[in-house]
């Protein structure tokens, strides 16, 4: 068994090395002396991208594969949540907080050979407004002008101060494209990253090759294959039989025991930005009553729920903030589990015996946690009917678009999405001027004001019981024992391959 | 013979027309707006409307249908809503993979079923026949995906003899291709074989009761030589028919087995298409499958005539 898999990898690696030496012949600089030489790695992931163009196709799968690996941004987020330099060495913010001046690295090159300059940055920022079709493009609405002061200096002016803008520049919206390399983004992405796009076997895998012309520290692995599995069991079997080296995101935590008990593997648990939200349709008469919303939160024994439906993995949060955000604080005590109080509150509100429709997307965690929520809510005198809606299509139309639901369960995985999720236009139908005011103040203020106002906003949300936060999805990674550099927390859109190495 | 050919061709064409209307109709009533799924959460209604227009989803249904069928007849499968890639080559690519799987599974099924069914029939009162019969019942009761999971657990995870999943094209690495093909083809083939065994057995039993076989036995031939020389060709007629019908089941089974073994065939393409609401792709794939099944049945009908001269007589 071992021999088959290592031979397969060695073969692929040798072929790749041949291809690379052929490509770099003549450049003279690349001696292939990077730390890992010609070693390769296979990572198992769950969702295959439908296209490689995240400017026109939504979903987490494309930035997971390409952002930070094939594309760089001006700035990026480190594992603790801080915004740190990437293609911009440094930046300053004007006193009115509307003008950002970025000093860019001068040795970055796109994989099509073109040098990266401030003109490309201007092009990339403007292109979000003109050519992107996904909803994320609205992030750039706040930009009034981007201009190249010199090849290495970029100035971006905003219409109003916005901390959110710089943060979004760490996500896919901030990816830097080549002016001459956007013709075939869906099949042939061109970036400045440590890896360049190799091949894509649709329905199977994407191969990334080390970019020997990369301007920063070159990655350890010469080749990384991202192999996609629809079925969690198949993913586990692939690691058990040596077809892959890493399971990037474990989908079924109850299956972890087969790895924790085996010394060939390491299991890493960290946090994500994925809040599993029991969302309330705040426009429904019965849910407009604060007492009812609070009662629902108090009726749920969150620890028991987490143990039952997610094998105890994950973290309890009392509001829409993961622990890696600077304004995170423990709000799990705002609505502690109290069955008697919940029952009494429902009776006082005249909602005892009310029927609520819990419309669940067909996602494993939603299905299993939904059963627990139903049983716990029924213990305090509510009636709950469960509908399964196929995800994404049917759920998106019924719950998300038409808000035809009372309760639903879905993980909101976007970073810093508190404001996006809780407003009158969103499917939560949560209309709260106080919250909107706090969020606006947070976005326009300096760092201290941002943290202070975001704390207030999170507390407000929790006290108003705009939803219930069941738990924060854990980042669960299983890998061969000898792999190092695996990120514990998965809080960016990227699966960072650059720090991985084999000891 | 000619009349029969004309008649079967007419049936084939009508079936294809009806199927195309049904396939198109199902896609229309399927909930979920492809434009919204493509644009994802938070997309504005204007953006969705714009994309619907771009996809041509705002046109009358009759026009959409006519365009689709017209395209298919010209060999133009259109462009995927989601990946923005031409669909025709994608299907061709994936179909090759599924074809390998189905054909090898079919061969395994036949290799198992023909001798096993014959023995079961010839010895239907003996212990060996009964034992085989019981075994085939078990095979019939197991769905292909379960067989697949069991085979993976035993041969890949426990014994480590074969890979648990994956696919390598035969041209790039024949050895790996075979290794990866064995388990999925077996899981389909074993189940199909078990089903087929039952048909072979009853076909052979029928033949055994025929007068000409009794005559052959009376002339002194031993049971198996008698069957071999006079019976098997006749027994093949009903078995070939079943084989054609079973092809549809096999294709459906392949869809599921492809998922268990992570094989990039038509099945996984279809599943992805459905969950992404890539409607045109789904329509195309389903239509190709329908054509495959109908054409095979058409050919089986003709083969039937070739095998049994009695059917060649004009009615």
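Just so it is clear, none of the values below were taken in a lab; they were calculated from the coordinates. Note that the structure is predicted; figures quoted are calculated from it, not measured. Note that we place each Cβ from the backbone using ideal geometry, even for glycine, and neighbour counts take in every protein chain shown.
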message = If I model a spin label as a point 7 Å beyond the Cα along the Cα-Cβ vector, how far apart are those points for residue A:187 and residue A:153 in nm?
response = 4.3
key: Principal axis box of segment A:58-136, alpha-carbon based, largest edge first, Å   = 37, 30, 29
key: DSSP beta bridges in the protein assembly as shown [antiparallel fraction, %, rounded to 5]   = 75
ask   = For segment A:262-341, what number results from the quotient of the Cα radius of gyration and 2.2 N^0.38 Å?
value = 1.34
note = If A:180, A:241 are placed from fewest to most neighbouring beta carbons inside 10 Å, the sequence is A:180, A:241
remark   = Taking R0 as 30 Å and r as the Cβ-Cβ distance between residue A:452 and residue A:93, the FRET efficiency 1/(1 + (r/R0)^6), rounded to the nearest 0.05, comes to 0.95
inquiry  = Once you place label points 7 Å from the Cα toward the Cβ at residue A:80 and residue A:101, how far apart are they in nm?
reply    = 2.9
query = Looking at the protein assembly as shown, what % of the alpha carbon pairs are farther apart than 44 Å?
reply = 37
inquiry  = I need the semi-axes of the equivalent ellipsoid of segment B:124-199: take the C-alpha gyration tensor, multiply each eigenvalue by 5, square-root it, list largest first in whole angstrom.
reply    = 29, 13, 11
query = Beyond 25 Å, what percent of the Cα pairs of segment B:193-301 remain?
reply = 44
Share of Cα-Cα pairs in segment A:105-258 lying beyond 27 Å, as whole percent = 40
inquiry  = Can you divide the C-alpha Rg of segment A:238-388 by 2.2 N^0.38 Å and report the result to two decimal places?
reply    = 1.23
For A:200-209, mean number of other protein chain Cβ atoms within 10 Å = 4
ask   = Volume per residue, Å³, of the convex hull around the alpha-carbon atoms of segment A:380-461?
value = 121
request  = Could you tell me the distance between the Cα centroids of segment A:96-162 and segment A:311-362, to the nearest Å?
outcome  = 41
message = Debye calculation, C-alpha points only, no solvent: report log10 I(q)/I(0) for chain B at q = 0.10 Å⁻¹, in the same order as the q values.
response = -0.73
remark   = Output field shielding_mean for A:230-243 (other chain Cβ, 10 Å radius) holds 6
ask   = At what distance in nm do the modelled label points of residue B:307 and residue A:375 sit from each other, each positioned 7 Å from its Cα along Cα→Cβ?
value = 5.4
ask   = What is the diffusion coefficient of segment B:61-123 in µm²/s, taking the Kirkwood radius over Cα pairs and the Stokes-Einstein relation at 37 °C with a viscosity of 0.692 mPa s?
value = 216
remark   = Ranked on Cβ counts within 10 Å of their own Cβ, fewest leading, A:134, A:385 go A:385, A:134
task = Output the peptides A:282-293, B:158-169 sorted from most to least packed, where packing is the average of other Cβ atoms within 10 Å over each peptide's residues.
result = B:158-169, A:282-293
message = Below 8 Å, C-alpha to C-alpha, sequence gap of six or more: please give me the relative contact order for segment A:142-249 in percent.
response = 13
query = Once the Cβ-Cβ distance between residue A:502 and residue A:269 is put in as r, and R0 is 22 Å, what FRET efficiency do you end up with, to the nearest 0.05?
reply = 0.55
note = Per residue of B:47-60, other chain Cβ atoms within 10 Å number on average 1
message = Quick check: Cα centre of segment A:172-212 to Cα centre of segment B:70-91, how many Å?
response = 24
task = Show me A:327-340, B:289-302 ranked by packing, highest mean number of other Cβ atoms within 10 Å first.
result = B:289-302, A:327-340
request  = Stick to Cα atoms and the Kirkwood definition of Rh, then tell me Rg/Rh for segment A:169-222.
outcome  = 0.98
remark   = When B:261, B:224 are arranged by how many other beta-carbons sit within 10 Å of their Cβ, fewest first, they go B:224, B:261
